[in-house]
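Accompanying notes for the structure given below.
The values are calculated or read from the model by the stated rules, or taken from the named source; none is laboratory data. Just so you know, these numbers come straight off a predicted model, no measurement behind them. As a convention, Cβ positions derive from the backbone with ideal geometry for all residues, glycine included, and neighbour counts pool all protein chains shown. These accessible areas exclude ligands, DNA and RNA; they are computed on the full protein's heavy atoms, side chains included. Shrake-Rupley method; radii C 1.70, N 1.55, O 1.52, S 1.80 Å.
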Amino acid sequence: MISVERLKVEFGVKPLFSNASFIINDRDRIALVGKNGAGKSTMLKILCGKQKATEGTISIPADTTIGYLPQVMVLTDDTTVREETRKAFSGNTELKARIDKLNAELAERTDYDSPEYMALVEKFTREHERYQMMGAEGYEADIERTLTGLGFTRQDFDRPTSEFSGGWRMRIELAKILLERPDVLLLDEPTNHLDIESIQWLEQFLAQSAKAVVLVSHDRAFINNVTNRTLEISCGKVVDYKVKYDEYVKLRAERREQQLRAYENQQKEIADIKDFIERFRYKPTKAVQVQSRIKQLEKIVPIEVDDVDNSAMHLKFPPCLRSGDYPIICDNVRKDYGEHTVFSNVDMTIRRGEKVAFVGKNGEGKSTLVKCIMGEIPFTGTLKVGHNVQIGYFAQNQAQLLDESLTVFQTIDNVAKGDIRLRINDILGAFMFGGEASEKKVKVLSGGERSRLAMIRLLLEPVNLLILDEPTNHLDMPSKDVLKEAIKAFDGTAIIVSHDREFLDGLVTKVYEFGGGHVKEHIGGIYDFIISKQKSSANAAGDMQSIDTLLHNQHTAKAEQPAQAAVNEPSAEKLSYLERKEQQKKLRKAEKAVEEAERKISEIEKRLKELDAKLSQPENASDMAIVNEYAETQRMLDAEVERWEQLAEELEKTKA
C-alpha cells in the first residue's frame, strides 16, 4: 500500500534517521518504537504528507486514503458531538443531498416519457445504488457505536463540543478518523486520553475493522494486543522486526549483544592499528606499512551500538517515617458541583503499605477524590488522613511548580540526599535527561519533559503516602519500568490513578472503580478487575463462551511475554486467580459427576422396584428372564453405588 525508499530526515548536522526503507502492507499492524526524540512522530507526519523528508521517496497509490491522529491538535469547532462526528461522512451527506434533490425533481416533473425524464431516473438510480453500496444508511448507527465505544453516553451526543475538555475532544477526532475507515491509520499516542474500557474497545476495533495501522504508543499492553510487526528507530536507522513488541524486545537484546561484540572487536582493531602507527611512524623502513595502516584506519566505519536500555536500573525511595495503620479513611464522602453529584456514599479504608488503583472513565471523579484527600477542595462526609502521614503528590500541574531558573541537574541535586547524589546522572539518564540534557534550564523544557522532571523530584523526597495522578503519560517504557520497580519496593502506601494496565499489573492489590456517582472496591490486581468486569458484562448478555475465550486469550498473551524483565512476570494476584478458576472447574466437574451417578442410581432403583413387583406375582415367580434381569440390575446398582461413593469422596477432597 505504501512504499518507503531510502528516506532521510535531518534538522541539524546529524540526521534524525537515514536510508530508511520499508513497505506498509494491507492488514499490517505496525508499532513504531524508539526513544523519545528518535523521530517516531516525524515519521508519521512524513507518511501522511504533513512534513517533507530531506531525501528519499514515498510511493502511495492514488486511491489510498490515510487517517492521521497527532498527539496534539488545535481544535476549533462549535457544533454538537454528533454533528462534529458526522463530518466523517461529509462525502455521504453530500451524496444524500444530491439524491434528495434528484428525488424532489422527479416528484415535480410529469413528462414521464421524455428522454430528459428517463436520463434523470437513470442518474437517480445510479447515485442511489452508489449510496447504498457505501452503507450510508447505517452511518448514524456507526456514529453511535463508535462514540459509545470511546466512552461517550447518549446524553453527550447533543452537547456542544465546547463543553468538553481537550482529552474528550481528542476522542471525537479519533472517532471521526475511525469512522472514515481509511486504508492506512496513523495513530500517535491514541491511548493518552482514553480510560481502560475505551482502550479495550479501540484494541478490538483495530483488530477487527481497521485495514493497515501504524501506531506510536508507550502503552505496552495496547501495542502487544494490537500489533504484529515492530519498526524501531534507533541510532539514525530504521530496523524492521516482523514480530509483535514482546518478541521484538528479545530480538533487540540479542542484536545489541552482537553489536557490542562487534564494537569491542572494532575498538581492539583500531587500537592495534594506532599502536602500529605510533611505534613505526618515524622508521623509514616501515613508511609504506604506516601509510597503509593510516588509510585502513580512515576507511573503518564506526559501529554504532543501540542506546543503552536503562529499564534494569533500580531506584529506591529514601527512608521515611512510619505512618499510622490507616493512612486514608473515607466515611460517606460526597462531592457535588452545583446540581451535579460527582460521587456519594464513598466508604474507603486504605491500610499502610497497600498499593491501590483508582480507575474509571474520565470525569467520574478519580482526580476529584484525590483533591479531597489533599484538602484542595471542600466536600461533605468524613475523610481522615492518618497519623504521621507525609503525602507526595504528583498531578498534571505539578510540573508548573518547578523553579524555572534552575537546570535539570540542579533541580534534582537540591532534593537528593546521601548516596543517591552519586547516581543523579544515572537517574536522569533513565528518565531521558542524559548527557547535555541535564544542563538545560527548566524554563526551556517542554510540558512532557517538565512532568518527567517533577516525577524524578518526587521519587527522591521522603514521603510515606504517594498519590500519583496519571504518572505514565509522558514516560517511555524504560522510564515506566524504573518508576514501577521503585513503587513496588516502596515501603509506604500508594494511590495510583492510571489507565495503563501493564503499569498497574503486579503493582496494585486493590482497585477502586469510579462510575455512576459511586466508588466500588475490587480486591485483586488490575487484570482480576478487568476479567471480573467483562465476565459480568458477558453474564448479562448470556455469553459464557466469550468469557472462556477471554480468559484463555488474556492469560495466553501474558504467558508469552518475556520472562527476563521483572515487570513482565505474571503477578501473584493473577496466578491465584487462575488457580481459583481451575479449582472451580474441577469442583463443577466433580459435582456434575456426582449428580450423574445419583441420577443413574435413581433410575436403577426404580427398575428394581418394577422387577420386584413382577416377581411378587405368582405367575412370574419362576420366570427366569425376570429373575436374571433382577440379578443383573442389582449388580449394576451395587457397582453404581460404589462409583458414587468414590466420586463423592473426590468431591469432598476438591472442596477441601
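Once you charge only the Cβ atoms, +1 for Lys and Arg and -1 for Asp and Glu, what is the size of the charge dipole of the range 85-207 about its Cα centre, to the nearest 20 debye?
Computed charge dipole of the range 85-207: roughly 160 debye.
Sequence gap at least 6, Cα distance under 8 Å: using those rules, report the relative contact order of the range 138-284 to the nearest whole percent.
That works out to 16 percent.
Could you give the semi-axes, largest first, of the ellipsoid that matches the chain, computed as the square roots of 5 times the alpha carbon gyration tensor eigenvalues and rounded to whole Å?
Rounded to whole Å, the semi-axes are 54, 41, 33.
Check cross-link reach from Lys96 to the lysines: straight Cα distance under 18 Å, and skip same-chain residues fewer than eight apart.
List returned: Lys87, Lys123.
With a 1.4 Å probe and all protein chains kept in place, how do Val519, Val511 rank by accessible area, largest first?
Descending accessible area places them as Val519, Val511.
I need the calculated FRET efficiency for the pair Asp111 and Ser90, taking r as the beta carbon distance and R₀ as 45 Å, to the nearest 0.05.
Once rounded, the FRET efficiency stands at 0.85.
To the nearest 20 debye, what is the magnitude of the charge dipole of the range 358-415 about its Cα centre, counting +1 on the Cβ of each Lys and Arg and -1 on the Cβ of each Asp and Glu?
Result for the range 358-415 is approximately 400 debye, rounded to the nearest 20.
Using protein chains only and a probe of 1.4 angstrom, how many square angstrom of Ser90 are accessible, to the nearest 10?
60 Å²
Setting aside same-chain residues fewer than 8 positions from Lys316, which aspartates and glutamates have a Cα under 15 Å from its Cα?
Answer for Lys316, where 15 Å is the Cα cut-off: Asp419, Asp426, Glu461, Asp481, Glu485, Asp491, listed by chain and number.
Select from Ile626, Gln204, Ser367 the residue farthest towards the positive end of the dipole of the chain; place +1 on Cβ of Lys and Arg, -1 on Cβ of Asp and Glu, and compute about the Cα centre.
Ser367
Relative contact order of the chain: what whole-number percent is it, with Cα pairs under 8 angstrom and at least 6 residues apart?
RCO, the chain: 12 percent.
How many Lys pairs in the range 373-488 lie less than 28 angstrom apart by Cα atoms, where the lysines are 8 or more positions apart or on different chains?
Final tally of qualifying lysine pairs is 15.
Please list, or write none, the lysines whose alpha carbon is within less than 24 Å of the alpha carbon of Lys268, excluding same-chain residues fewer than 8 places away.
Here the lysines satisfying the reach criterion relative to Lys268 are Lys283, Lys286, Lys295, Lys299.
Sort out the exposed loop GluC sites (Glu not before Pro) in the chain (DSSP loop, at most 15 other Cβ within 10 Å) and tell me the longest stretch that has none.
Segment 1-303 is the longest.
Whole Å is fine, so just give me how far the alpha carbon centre of the range 601-643 lies from that of the range 488-514.
Computed from Cα coordinates, the inter-centre distance equals 65 Å.
Roughly what percent of Cα-Cα pairs across the range 340-419 reach past 17 Å?
The share of Cα pairs beyond 17 Å in the range 340-419 comes to 62 percent.
How would Arg421, Arg450, Arg159 rank on accessible area, largest to smallest, probe 1.4 Å?
Arg421, Arg159, Arg450
Work out how much length Glu645 to Glu339 would gain on full extension: take 0.36 nm times their residue separation and subtract the Cα-Cα distance, in nm to one decimal.
Contour length minus Cα-Cα distance gives 103.7 nm.
Over the chain, with the other protein chains present, what is the accessible area per residue in square angstrom, probe 1.4 angstrom?
Here the residues of the chain average 52 Å² of exposed surface.
Could you rank Met624, Met432 by how accessible they are, 1.4 Å probe, largest area first?
Listed by decreasing accessible area, they come as Met624, Met432.
My understanding is that a pair violates if its Cα-Cα distance is over 30 Å; which of Lys14/Lys211; Lys366/Lys535; Lys244/Lys533 do that in this structure?
In this structure, Lys14/Lys211 exceed 30 Å between Cα atoms.
Based on the alpha carbons, how large is the Rg to Rh ratio for the range 313-454 when Rh follows Kirkwood?
Taking Rg over the Kirkwood Rh, I get 1.04.
Please figure out what share of the DSSP beta bridges in the chain is antiparallel and state it in percent, rounded to the nearest 5.
Counting DSSP beta bridges with both partners in the chain, the antiparallel share is about 50 percent.
Lys and Arg at +1, Asp and Glu at -1: add these up for the other residues within a Cβ distance under 9 Å of Cys330 and post the number.
-1
Could you tally the net charge around Gln410, taking each other residue with its Cβ under 13 Å from the Cβ of Gln410, Lys/Arg +1 and Asp/Glu -1?
+1
Considering the options Leu106, Trp168, Ala119, tell which one lies farthest towards the positive end of the dipole of the range 27-178, charges being +1 on Lys and Arg and -1 on Asp and Glu at the Cβ, about the Cα centre.
Of Leu106, Trp168, Ala119, it is Trp168.
How much of Arg351 can a 1.4 Å solvent probe reach, expressed as accessible area in Å² and rounded to 10?
Here the accessible area works out near 110 Å².
How far, in nm, would the chain grow between Gln71 and His387 when pulled straight, counting 0.36 nm per residue and subtracting the alpha carbon separation?
109.5 nm
Given C-alpha coordinates of the range 18-172, what is the ratio Rg to Rh with the Kirkwood estimate of Rh?
Result: Rg/Rh = 1.10.
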